[in-house]
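The next block holds one structure in the form of structure tokens; read it before the comments.
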There are 4 protein chains.
Amino acid sequence: MTMTLRVTVWNEGVHEATQPEIAAIYPHGIHGAIAEGLSELLGDEVAVRTATLDDPEHGLGEQALAETDVLLWWGHIAHDRVSDEVVERVRQHVLGGMGLIVLHSGHFSKIFIRMLGTTCSLRWRNPEGGERELVWNVNPTHPIAAGVEQPIVIDAQEMYGEFFDIPTPDDLVFISSFTGGEVFRSGVTFTRGRGKIFYFSPGDQEYPVYFHPQVRRVLANGVRWAAPVTGVRRAPEVSNPQPV
Amino acid sequence: MTMTLRVTVWNEGVHEATQPEIAAIYPHGIHGAIAEGLSELLGDEVAVRTATLDDPEHGLGEQALAETDVLLWWGHIAHDRVSDEVVERVRQHVLGGMGLIVLHSGHFSKIFIRMLGTTCSLRWRNPEGGERELVWNVNPTHPIAAGVEQPIVIDAQEMYGEFFDIPTPDDLVFISSFTGGEVFRSGVTFTRGRGKIFYFSPGDQEYPVYFHPQVRRVLANGVRWAAPVTGVRRAPEVSNPQPV
Amino acid sequence: MTMTLRVTVWNEGVHEATQPEIAAIYPHGIHGAIAEGLSELLGDEVAVRTATLDDPEHGLGEQALAETDVLLWWGHIAHDRVSDEVVERVRQHVLGGMGLIVLHSGHFSKIFIRMLGTTCSLRWRNPEGGERELVWNVNPTHPIAAGVEQPIVIDAQEMYGEFFDIPTPDDLVFISSFTGGEVFRSGVTFTRGRGKIFYFSPGDQEYPVYFHPQVRRVLANGVRWAAPVTGVRRAPEVSNPQPV
Amino acid sequence: MTMTLRVTVWNEGVHEATQPEIAAIYPHGIHGAIAEGLSELLGDEVAVRTATLDDPEHGLGEQALAETDVLLWWGHIAHDRVSDEVVERVRQHVLGGMGLIVLHSGHFSKIFIRMLGTTCSLRWRNPEGGERELVWNVNPTHPIAAGVEQPIVIDAQEMYGEFFDIPTPDDLVFISSFTGGEVFRSGVTFTRGRGKIFYFSPGDQEYPVYFHPQVRRVLANGVRWAAPVTGVRRAPEVSNPQPV
């Protein structure tokens with residue numbers, strides 16, 4: 001694809017609007033920080049827009065999705081406020097080829113659970129000041145890991161640990177460890193229909209993770225990787241053809 | 001597991017009840033033929049019961065599922081008559097460890113689509129007299145393929161062809177070819193939560209496939225493979241533990 | 001990578017030199033036909049050179065490999081004439097990041113067996129006039145399948161069938177069927193160290209398969225996919241670091 | 001398989017013979033401790049023998065291997081003393097269906113590198129007193145993890161860390177973390193030909209890891225899992241059959 005990739009960064013946007021201490025970390029919202037990182041690293045390669053829960057149709061109407069090549073999703077305390085109609089619409093676009101990047105607490109979003117079929121539950125802990133997360137690349141040939149330091153050191157993060165109830169991923173790219181001893185499959189990919197899905201766990205609202213240069217590199221790589229590989233944009237359909 | 005495996009063979013049971021030509025092929029129902037094959041090959045290793053759509057709660061009430069180690073599922077023209085409540089109940093039991101074997105046109109069942117997240121669509125054709133299906137084992141170390149002939153020759157079958165819109169399977173066991181030239185990933189496995197899922201495509205209502213000795217061998221192997229590996233019987237849950 | 005990809009097409013080059021009927025099909029050699037296809041489709045994106053068995057060091061000296069981003073390999077009747085020293089040199093470059101595309105009868109090359117560890121044996125048949133091969137895409141999100149027709153129809157080919165004794169591939173992209181009923185995993189990928197490997201089976205010396213536009217598209221996609229993802233060019237090494 | 005599984009525990013046996021402090025930890029050798037654990041947990045299910053480097057043909061002659069269903073392999077400082085002839089003989093038996101369980105520093109054994117094709121290099125560290133290793137189960141439906149605690153706590157171990165240069169495993173069962181922050185894919189499976197391979201990393205000669213009840217449980221599960229699934233005992237071979 002030499003065309004500009006159209007990226008939508010979606011964020012529920014509730015923490016920043018209601019908790020001043022989080023607004024202080026993310027003054028332009030989590031979506032703002034993510035969008036800024038993508039533009040910084042990918043430049044003209046992308047056209048980035050943002051959308052939040054309170055936008056009409058959550059900013060995810062039919063036209064908005066039809067004009068999105070890759071959708072990033074951050075949500076946490078308002079998963080149940082996302083309408084089922086929007087979730088199904090997003091699902092159809094993923095099946096049709098739109099890339100989907102699910103971030104951190106988005107593991108419990110309706111769309112992630114709907115695409116994967118599992119509970120997406122995990123072990124978590126968030127002590128005062130967080131824990132150090134080390135993100136190890138276990139897949140050096142993977143495009144998502146290109147140019148990323150080994151390991152990524154994130155000084156403070158919420159702990160996410162195994163067992164992480166997801167299907168066996170297509171590609172396991174990153175595994176994290178935490179101060180408390182847990183491990184987590186923190187960078188994993190899936191495909192559904194014609195769509196590619198990347199889940200990346202670093203990025204809690206209480207820590208400035210989306211300003212971390214290495215995290216930004218991973219997300220930029222993820223956008224490139226998740227872009228549709230063909231011009232077709234519709235979910236696979238049943239057919240009843242003649243013999244070849 | 002040295003204990004007896006408790007197996008439930010579920011069939012919508014509509015074709016046999018409404019189409020005499022199909023009742024002639026399967027006089028005890030598709031479920032009857034499958035149950036008979038399992039008992040024949042697994043003997044005391046299993047206790048097999050059957051259930052159909054018209055049973056109360058489709059024969060899949062909470063107690064029935066709690067007492068099922070492996071559930072086989074055959075459906076075709078009545079997928080939409082299966083209640084969403086039962087589908088969600090089955091899903092919870094699969095996540096909790098119950099094995100699930102989905103058969104043939106069950107690819108379009110609510111439970112299969114719900115567990116996998118994709119459309120599960122495919123290419124199909126059913127000419128007069130069917131097509132010959134050859135089922136090739138591409139995974140000789142897999143327990144599901146143990147003792148199975150290479151290839152399984154099924155003289156007449158409906159054609160199912162690629163692209164089959166499923167997630168990348170954990171294990172690809174069988175690939176079929178058909179007279180018309182199509183190929184199909186006809187034996188594939190997945191895991192969801194603590195549960196193991198096996199999809200096996202041979203078995204249309206218009207052909208006596210479930211009497212085929214090799215098909216019976218595959219299903220018997222599948223039941224053994226899909227049995228829970230631990231005594232735990234609940235879906236994975238979120239937890240918030242102290243450091244180790 | 002916006003830099004030019006340096007591609008080496010290696011061919012043992014024996015059939016064309018000794019059998020006029022094959023020289024008639026491939027007047028510039030199998031390597032010539034492949035190189036021509038890559039240049040036609042990838043243009044300035046690639047710089048393509050060819051090498052054959054009879055070149056000094058088979059055309060695969062240290063410098064030649066150091067200046068190769070992706071190596072394509074065609075061999076058949078002269079596998080045992082490839083020196084073990086060259087095979088080990090190629091292996092080190094693959095582990096260090098050089099892409100490797102192994103073609104057709106290259107399944108029995110020393111380098112393929114050495115990278116995979118298995119026998120790489122298969123079922124084959126080559127009746128007068130060949131058999132029709134249909135190449136089905138089972139992985140529509142894969143870059144190697146981008147823009148490729150479903151199925152690719154190859155009118156005449158040698159039959160390759162399962163069981164194909166390879167390790168479970170990372171990605172299964174194509175499955176072929178043949179007139180005689182066999183199936184074959186005809187497009188599969190692996191990684192070894194920092195290197196990416198793609199095996200693609202269509203392409204016997206007796207048939208003009210490397211002039212087929214769809215086959216050429218697959219090989220061009222394969223070259224892009226197999227290109228190194230990082231600038232590093234050395235095999236992974238043991239290390240004994242301090243704690244992070 | 002209801003027949004007794006024939007298990008051979010192979011150990012180079014050099015540390016115990018030359019270093020009294022290691023002989024003190026493993027008075028019957030590392031092989032003795034492993035064999036004892038298998039017999040304890042599997043009882044009549046197995047017949048266990050041991051073999052070491054100094055036995056004739058390293059205790060791995062043709063008859064010994066022909067009478068082995070599962071071979072466990074521990075080596076460290078004497079990898080290069082293992083004869084290439086024996087390595088190739090073991091390889092043929094694995095391809096023919098013999099299970100292979102490679103332990104800890106066996107990652108650098110000739111047989112493991114030969115089966116996998118990669119360097120099998122990794123990051124390591126062994127400070128005075130070792131580091132705590134936590135072994136996390138990320139695959140709760142896998143037979144090798146049946147009945148194993150979450151996590152396994154090993155108070156003192158040598159550290160092994162990523163990047164571990166192995167091919168993408170078929171199944172990822174365990175991931176370890178260490179005091180120093182590293183992670184490691186510590187329980188992984190592969191198949192080669194008709195043979196199943198399990199690599200499990202805990203078990204350095206300086207620590208009494210093979211007396212740990214949970215480690216013993218994993219090895220016992222591993223033996224069951226790696227047992228041949230069919231009665232056939234020969235590597236896959238090329239064939240040239242008629243159409244089906």
### Query
Using modelled backbone amide H atoms (1.01 Å from N, in-plane), which distant-in-sequence or interchain residues come within less than 5 Å of A:G161's amide H?
A:R123, A:W124
### Coarse-grained scattering of the stretch B:1-127 at q = 0.20, 0.22, 0.23 Å⁻¹, given as base-10 log I(q)/I(0) from a Debye sum over alpha-carbon atoms
-1.22, -1.41, -1.48
## Note on the structure
Kirkwood Rh for the stretch D:163-221 from C-alpha pairs, in Å, is 12.8
### Message
On C-alpha positions alone, give me the angle between the axis of helix C:213-226 and the longest principal axis of chain C, in degrees, nearest 10.
### Response
10
### Query
Relative contact order (percent) for the stretch C:110-244, with alpha-carbon contacts under 8 angstrom and 6 or more residues of separation?
23
### Query
³J(HN,Hα) across the stretch A:107-123 via Karplus (A = 6.51, B = -1.76, C = 1.60, θ = phi - 60°), whole Hz, x for Gly/Pro?
4, 9, 6, 4, 5, 5, 4, 5, 6, 9, x, 9, 7, 6, 6, 7, 9
### Task
Mind pulling the angle between the C-alpha long axis of helix D:84-95 and the longest principal axis of chain D? Nearest 10 degrees, somewhere in 0 to 90.
70
### Environment charge of A:G97, counting only residues whose C-beta is closer than 10 Å and scoring Lys/Arg +1, Asp/Glu -1
+3
### Query
So how strong a dipole does the stretch A:134-244 carry about its Cα centre when Lys and Arg Cβ are +1 and Asp and Glu Cβ are -1, to the nearest 20 debye?
740
### Query
On average, how many beta carbons from a partner chain sit within 10 Å of the beta carbon of a residue in D:191-201?
4
### Task
List, in order, the whole-Hz ³J(HN,Hα) value for each residue of the stretch C:70-77 obtained from phi through the Karplus relation with A = 6.51, B = -1.76, C = 1.60 and θ = phi - 60°; use x for Gly and Pro.
9, 10, 9, 10, 10, x, 8, 9
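Calculated from DSSP H runs of 4 or more alone, at -39500 (n - 2.57) each and per residue, what is the 222 nm mean residue ellipticity of chain B, nearest 500?
-7500 deg cm²/dmol
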### Query
Toward the positive end of the charge dipole of the stretch A:86-234, about the Cα centre and with charges on Cβ (Lys, Arg +1; Asp, Glu -1), which of A:G117, A:V94, A:L134 goes farthest?
A:V94
### Message
Quick check of the Kirkwood formula: for the protein assembly as shown, what is the inverse mean of 1/r over all pairs of different Cα atoms, in Å?
### Response
29.1
### Dipole of the stretch C:1-118 [Lys/Arg +1, Asp/Glu -1 at C-beta], most positive-end residue of C:G43, C:Y26, C:A66
C:A66
### Message
Give me the dipole magnitude in Debye, nearest 20, for the protein assembly as shown about the Cα centre, with unit charges on the beta carbon: positive for Lys and Arg, negative for Asp and Glu.
### Response
0
### Summary
For A:D204, other-chain or 5+-apart residues with amide H closer than 5 Å (H placed, Pro excluded) are A:E158, A:V209
### Message
Please compute the average number of Cβ atoms from other chains found within 10 Å of each residue's Cβ in peptide B:223-236.
### Response
3
### Query
So what is log10(I(q)/I(0)) for the stretch D:112-178 at q = 0.20 1/Å, when the Debye sum runs over its Cα atoms only?
-0.96
### Query
What is the magnitude of the charge dipole of the stretch C:158-203 about its Cα centre, with +1 placed on the Cβ of each Lys and Arg, -1 on the Cβ of each Asp and Glu, and no other charges, expressed in debye to the nearest 20?
300
### Task
Taking the Cβ of A:A33 as the centre, find all other residues whose Cβ is under 12 Å away and add up their charges (Lys, Arg: +1; Asp, Glu: -1).
-2
#### Entry: Sequence-distant residues sharing a close amide H with A:L5 (under 5 Å, placed H)
A:V46, A:A47
### Query
By how many degrees, between 0 and 90 and to the nearest 10, does the Cα long axis of helix A:29-42 differ from the longest principal axis of chain A?
70
### Message
How would the stretch C:88-150 be classified by its alpha-carbon gyration tensor: rounded, prolate or oblate, with rounded meaning a/c under 1.5 and the a/b versus b/c comparison settling the rest?
### Response
oblate
### Query
So if we plug the beta-carbon distance of D:E128 and D:T18 into 1/(1 + (r/R0)^6) with R0 = 22 Å, what FRET efficiency do we get, rounded to 0.05?
0.60
### Message
Just to confirm a number: summing +1 for Lys and Arg and -1 for Asp and Glu over residues other than C:V153 whose beta-carbon lies under 10 angstrom from that of C:V153, what do you get?
### Response
-2
### Query
Counting only DSSP beta bridges with both residues in chain C, what percent are antiparallel, rounded to the nearest 5?
50
### Task
Enter the accessible area of D:E88 (Å², nearest 10), with the probe set to 1.4 Å and all protein chains included.
70
### Message
Which of rounded, prolate or oblate describes the stretch A:97-224 when judged by the alpha-carbon gyration tensor and an a/c cut-off of 1.5?
### Response
oblate
## Note on the structure
With all protein chains present, chain C has a carbon and sulfur share of its accessible area (1.4 Å probe) in percent of 51
## Note on the structure
Percent antiparallel among DSSP beta bridges confined to the protein assembly as shown, nearest 5, equals 50
### Query
Tell me, what HN-Hα J-couplings in whole Hz come from the Karplus equation 6.51 cos²θ - 1.76 cosθ + 1.60 at θ = phi - 60° for each residue of the stretch A:184-199, using x for Gly and Pro?
7, 6, 8, x, 9, 10, 9, 10, 9, x, 8, x, 10, 10, 10, 10
### Summary
For the stretch C:184-244, the charge dipole (Cβ of Lys, Arg +1; Cβ of Asp, Glu -1; about the Cα centre) points to a positive end, and the Cα of C:A235, C:Q214, C:F198 closest to that extreme belongs to C:A235
### Query
In vacuo Debye scattering of chain A, one point per C-alpha: log10 I(q)/I(0) at q = 0.10 Å⁻¹?
-0.44
### the stretch B:48-107 - Rg (one decimal) and Dmax (whole number), Cα, Å
10.8, 28
### Summary
iface B-A | buried accessible area, total | probe 1.4 Å | Å², round 100 | 2800
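The values are calculated or read from the model by the stated rules, or taken from the named source; none is laboratory data. Because the structure is predicted, anything quoted here is derived from the model rather than measured. Reconstructed Cβ throughout: ideal geometry from the backbone, glycine too, with neighbour counts over all protein chains shown. Please note that ligands, DNA and RNA were not included when accessible areas were found on the heavy atoms of the full protein model with its side chains. Shrake-Rupley method; radii C 1.70, N 1.55, O 1.52, S 1.80 Å.
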